Amino acid sequence: GVEHRNLSEEITSVLPPARLALLRLISRAAQNRQLPIFVVGGFARDLLLNVPSFDLDCVVEGDAVDLADNLADAYGGRITSHQKFGTAKWRLNPKNTALQAALAEESPDADLSALPDSIDLISSRTEFYEKPSALPIVQKSSIKLDLHRRDFTINTMAVRLDGNHFGELYDYWGGLSDLKKGLIRVLHSLSFVDDPTRMLRAVRFEQRFGFTIEERTLRLMRQAKTLLKDVSGERIRHEIDLILVEKQVVSMMTRLADLGLMEQIHPALRWNDDLASQFMELFDLPLPRKYDFSGHPSEMEQKIQVAYILWLLPVFSNNLQEIIQRLRLKNNLSHMIQQAHDANIELDRRRKEPDSRLIAALQGCPPVVLYALWLHNKLTHQRNIIEKYAVQWRHVKPRTDGKKLMKMGVPASPRIGEILDELRAAWIDGRVSSEAEEEALLQHILHG
Ligand code: ATP
């Protein structure tokens, strides 16, 4: 049944004033058109866990596109909508004066920078799956059924906004009870069959909140796990990307492996204590500045690239392309993964050779690859070499350059590059440590 608890107090204490004011505007607009409207998804869950939720997903029992158009008419911003699906996205324009005035009236000290960029408004609907893993067929319905199509009970709670109903908790499917017990539970026995990515989501929510996957849900997962094989690479990668930005990334990956889900993504994927400690080192510390990481993509995105490289380093070379394909990894990432693999094999093969030969294996590797290799090669001579190359040797150049060589009579040819490499290697191996010594070596190379 419906829980008639009112969450107004929680909303007021957890949300920044600008967000609260915005919800009040929506509340009024919906009330004027006699439309029941609810915030759904993570919002109620996070509210009850006392954490502010960032997304605002609203479900309207009625025409969501029409309501969104109305809001934009009154308060500016832009609407992107799909009449056919009953979905609208309202992109706010914080510079709109009507919006500013209305928000100020609700809450004079509202800090507009706390506004979301956009709000999703969706007409309540039910989804039917004609066959497993296919896209659902969508039909208009009540909020109750809309909530039933969701992944887990803790995500089925809704908070009503319109008029006097503001703050009412709608809990048809036992969400609050499971939230209190700390359980991740599917709503029906075919849930994972309808959408196998929910198995990955179950692990993510379980580990994020320190919850437990409920026993029957776990059993359903064991039965359904092979269906992950049929899920598209994009959807799998999307779920993994979501895991890689979570604080509990290591326990999530460990749980995926323990539940046998990782091997369903690809049997050659590995997870072990070494990887766990590499991931911890990667995600707990900032990227070391001495590697000269570039300013973009963002620090987090570069860490995610490092994470993929680390994860795939223990994979045998002959499985690598298959996994890259399976996860639809982007070209530049897949190139870096290959680079790291090749470099790592070479580092190992040349481990008894002089430093200049070892570093030649690293030539051309960007900081993301070098840092991944450094994390991977713990407590080895290779690790020192990688670090020295990244912070020092990468910048070592002989005093001699190509122009000088041509003036000395060396024809424009690959020979010039070879000579420069030889001089550089001499600096790195310590056979040369001054300009005079470099000159002597150059004479020796040229004239024997
Ligand atoms: P997060 O805090 O990670 O954003 P969220 O609960 O807001 O969590 P979203 O991925 O933004 O998660 O999805 C919003 C809501 O849509 C979820 O709460 C859930 O009810 C529903 N949902 C998302 N993905 C699925 C899915 N694969 N199957 C069923 N319901 C889903």
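Simple spin-label model, 7 Å along Cα-to-Cβ: Lys378 to Thr226 in nm?
That separation, rounded to one decimal, is 3.6 nm.
What is the Rg over Rh value, at two decimals, for the chain, using alpha-carbon atoms and the Kirkwood definition of Rh?
Radius of gyration relative to Kirkwood radius: 1.11.
Got a sec? Charge dipole of the chain, +1 on Cβ for Lys and Arg, -1 for Asp and Glu; which of Ala340, Phe152, Phe283 is way out at the positive end?
Farthest towards the positive pole: Ala340.
Quick check for you: with a 1.4 Å probe and neighbouring chains kept, what is the accessible area per residue of the chain, in Å²?
That works out to 49 Å² for each residue.
Counting Lys and Arg as +1 and Asp and Glu as -1, each charge on the Cβ, what is the dipole of the chain about the Cα centre in debye, to the nearest 20?
Around 860 debye, computed over the chain.
Suppose R0 equals 25 Å; then what is the FRET efficiency for Gln321 and Gln363 from their Cβ-Cβ distance, rounded to the nearest 0.05?
Here the calculated transfer efficiency is 0.65.
Show me the chymotrypsin sites (Phe, Trp or Tyr not before Pro) within region 289-364 that DSSP assigns to loop and that have at most 10 other Cβ atoms within 10 Å of their Cβ.
Those that pass, being in a loop and sparsely packed, are Phe316.
With unit charges on the beta carbons (Lys and Arg positive, Asp and Glu negative) and the dipole taken about the Cα centre of the chain, which residue among Leu446, Phe205, Pro367 sits farthest to the positive side?
Most positive-ward Cα: Leu446.
Tell me which of Gln248, Leu220, His238 sits at the most positive position along the dipole axis of region 196-265, charges placed on C-beta atoms (Lys, Arg +1; Asp, Glu -1).
Leu220
What part of the accessible area of the chain, given as a whole %, is carbon or sulfur when the probe is 1.4 angstrom?
50
Given 0.36 nm per residue, what is the gain on full extension from Thr12 to Asp73 after removing their alpha carbon distance, in nm?
In short, 19.3 nm is gained.
Among the listed pairs Lys290/Lys378; Lys144/Lys180; Lys180/Lys229; Lys303/Lys388; Lys247/Lys290, which have their C-alpha atoms separated by more than 28 angstrom in this model?
Over 28 Å apart, Cα to Cα: Lys180/Lys229.
Quick check: pseudo-label points 7 Å beyond the Cα along Cα→Cβ at Val396 and Val410, how many nm apart are they?
1.7
With only Lys, Arg, Asp and Glu charged, each at its Cβ (+1 for the first two, -1 for the last two), find how big the charge dipole of region 267-395 is about the Cα centre; round to the nearest 20 debye.
220
If I model a spin label as a point 7 Å beyond the Cα along the Cα-Cβ vector, how far apart are those points for Asp258 and Leu287 in nm?
Inter-label distance under the simple model: 3.2 nm.
Might you report the magnitude of the Cβ-based charge dipole of region 402-447 about its Cα centre, with Lys and Arg at +1 and Asp and Glu at -1, to the nearest 20 debye?
Value, rounded to 20: 260 debye.
The values are calculated or read from the model by the stated rules, or taken from the named source; none is laboratory data. Fair warning: this is a prediction, and the values are worked out from it, not measured in the lab. Virtual Cβ from ideal backbone geometry, glycine too; neighbours counted across all protein chains shown. With ligands, DNA and RNA removed, areas are computed over all heavy atoms of the protein, side chains included. Shrake-Rupley method; radii C 1.70, N 1.55, O 1.52, S 1.80 Å.
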